[in-house]
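The values are calculated or read from the model by the stated rules, or taken from the named source; none is laboratory data. Note that this is a predicted model, so its numbers are computed, not measured. Here the Cβ positions follow ideal geometry from the backbone for every residue, glycine too, while neighbour counts run over all protein chains shown.
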Amino acid sequence: MSPPACSSPIDMSEANAGPGKVVVNRAMSVDGFIAGPDHAMNWIFEYLDNNTFPDVMPATGAMLVGRGTHDVGKRMVVEDVDDYEGGPVFVLTHRPPPEPERGVTFLSCGLEEAVATARAAAGGKNLEILGADLASQCFRAGLVDEVLVYVIPVLLGDGTRFSTSGLGRIDLEPFDNRQSGGVTLLRFHCRRDKSADPSIAP
């Protein structure tokens, strides 16, 4: 069975009309890694769970995820890490699986159309963007409204960095800074006074 290829176009102006934001959501080590060696992410949940900052999850209506992050997330579920209830899950990929996956919609369309599709499903709540490469594409295309970072008190030394190489400068405006236990939450607005890169291919 072929996955949806965003075959039902959604008006971008309609998708952007609701109050929800497009939010890049990251947990990050103090030395700037969002995953450790071999894409390990279980270290995050030694410090962070759904109750650490309980206002974040209810504000999230859908998630758009890169394929690599989705595959890592599936391994974490198998290893009994608690699910994050962030609404419908969409995975943007050129490598859709041959069989459907429960609770996941695989998209093989362009980036802007995928964001519009997932945002429409968010029901006026925030759309979370998960995955380093996918987030970098969204930054470069000017699609990101906010950045949410959980700073975890650990040094990893190696792994997947917060942003991919070649992203360039993105100017941010801080608007929230909180701490819960050992975790610090940082939130930023993305400034829109710089031109987005139009040459993006997901």
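Considering only residues that are of a type outside the set (A, V, I, L, M) and within 12 Å of residue 112 (Cβ to Cβ), which ones fall in region 141-155? Write out each step before concluding.
Start the filter on region 141-155 by keeping residues that are of a type outside the set (A, V, I, L, M), which leaves 142, 145-146, 150, 153.
Hit for region 141-155 is 142, nothing else.
Check whether at least one residue in region 132-154 is under 18 Å from residue 33 (Cα atoms), touching a Phe, Trp or Tyr at 6+ places or on another chain (Cβ under 8 Å) and among the hydroxyl-bearing types (Ser, Thr, Tyr), and report yes or no.
Looking for residues that are under 18 Å from residue 33 (Cα atoms), touching a Phe, Trp or Tyr at 6+ places or on another chain (Cβ under 8 Å) and among the hydroxyl-bearing types (Ser, Thr, Tyr), one finds at least one in region 132-154, hence yes.
Quick check on my filter: what residues within region 136-149 are aliphatic (A, V, I, L, M) and either part of a strand (DSSP E or B) or over 13 Å from residue 190 (Cα atoms) (or both)?
First pass over region 136-149, keeping only residues aliphatic (A, V, I, L, M): 141, 143-144, 147-149.
Correct list: 147, 148, 149.
Does at least one position in region 112-123 carry a residue that is among the hydroxyl-bearing types (Ser, Thr, Tyr), within 15 Å of the chain's Cα centre (by Cα), assigned to a loop (DSSP other than H, G, I, E, B) and crowded, with 19+ Cβ neighbours inside 10 Å? Explain how you work it out, then say what you get.
Filtering region 112-123 for residues among the hydroxyl-bearing types (Ser, Thr, Tyr) gives 117.
Restricting the remaining residues to those that are within 15 Å of the chain's Cα centre (by Cα) gives 117.
When the remaining residues are screened for being assigned to a loop (DSSP other than H, G, I, E, B), the result is none.
For region 112-123, residues among the hydroxyl-bearing types (Ser, Thr, Tyr), within 15 Å of the chain's Cα centre (by Cα), assigned to a loop (DSSP other than H, G, I, E, B) and crowded, with 19+ Cβ neighbours inside 10 Å: absent.
Determine which single condition residue 128 fails, assuming it passes every other condition in (1) buried (at least 17 other Cβ atoms within 10 Å of the Cβ); (2) modelled with pLDDT under 95.
Only one criterion in (1) buried (at least 17 other Cβ atoms within 10 Å of the Cβ); (2) modelled with pLDDT under 95 is unmet by residue 128, namely (2).
Just to be sure I understand the filter: pairs with C-beta atoms under 9 Å, separated by 6 or more residues or on different chains, first member in region 114-133 and at positive phi, second member outside any strand (DSSP E or B) and among the β-branched types (Val, Ile, Thr). Which pairs pass?
Once the first residue is at positive phi and sits in region 114-133, its partners that are outside any strand (DSSP E or B) and among the β-branched types (Val, Ile, Thr) give 131/69.
Which one of these does residue 83 not meet: (1) assigned to a loop (DSSP other than H, G, I, E, B); (2) within 17 Å of the chain's Cα centre (by Cα); (3) closer than 17 Å to residue 27 by Cα; (4) at pLDDT 90 or above?
(4)
Let me confirm something: among 181, 159, which residue is touching a strand residue (DSSP E or B) at 6+ places or on another chain (Cβ under 9 Å), closer than 15 Å to residue 27 by Cβ, surrounded by fewer than 19 Cβ atoms within 10 Å (Cβ to Cβ) and in contact (Cβ under 8 Å) with a residue 40 or more places away in the chain?
Details: 181 fails: touching a strand residue (DSSP E or B) at 6+ places or on another chain (Cβ under 9 Å).
Sole residue among the options that is touching a strand residue (DSSP E or B) at 6+ places or on another chain (Cβ under 9 Å), closer than 15 Å to residue 27 by Cβ, surrounded by fewer than 19 Cβ atoms within 10 Å (Cβ to Cβ) and in contact (Cβ under 8 Å) with a residue 40 or more places away in the chain: 159.
Starting from region 22-42, take each residue that is surrounded by fewer than 14 Cβ atoms within 10 Å (Cβ to Cβ) and at pLDDT 95 or above and list its partners that are among the hydrophobic types (A, V, I, L, M, F, W, C) and part of a strand (DSSP E or B), counting only C-beta distances under 7 angstrom and pairs at least six apart or across chains.
Cβ pairs passing all conditions: 30/151.
Check region 173-187 and report whether any residue there is under 14 Å from residue 22 (Cβ atoms) and of a type outside the set (A, V, I, L, M). Walk me through it before giving the result.
Step one: filter region 173-187 for residues under 14 Å from residue 22 (Cβ atoms), giving 187.
With of a type outside the set (A, V, I, L, M) added as a condition, the list becomes 187.
Among the residues of region 173-187, at least one is under 14 Å from residue 22 (Cβ atoms) and of a type outside the set (A, V, I, L, M), which makes the answer yes.
Condition check ((1) part of a loop (DSSP other than H, G, I, E, B); (2) modelled with pLDDT of 95 or more) across all residues:
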| residue | (1), (2) |
| --- | --- |
| 109 | yes, no |
| 133 | no, no |
| 151 | no, yes |
| 167 | yes, no |
| 177 | no, yes |
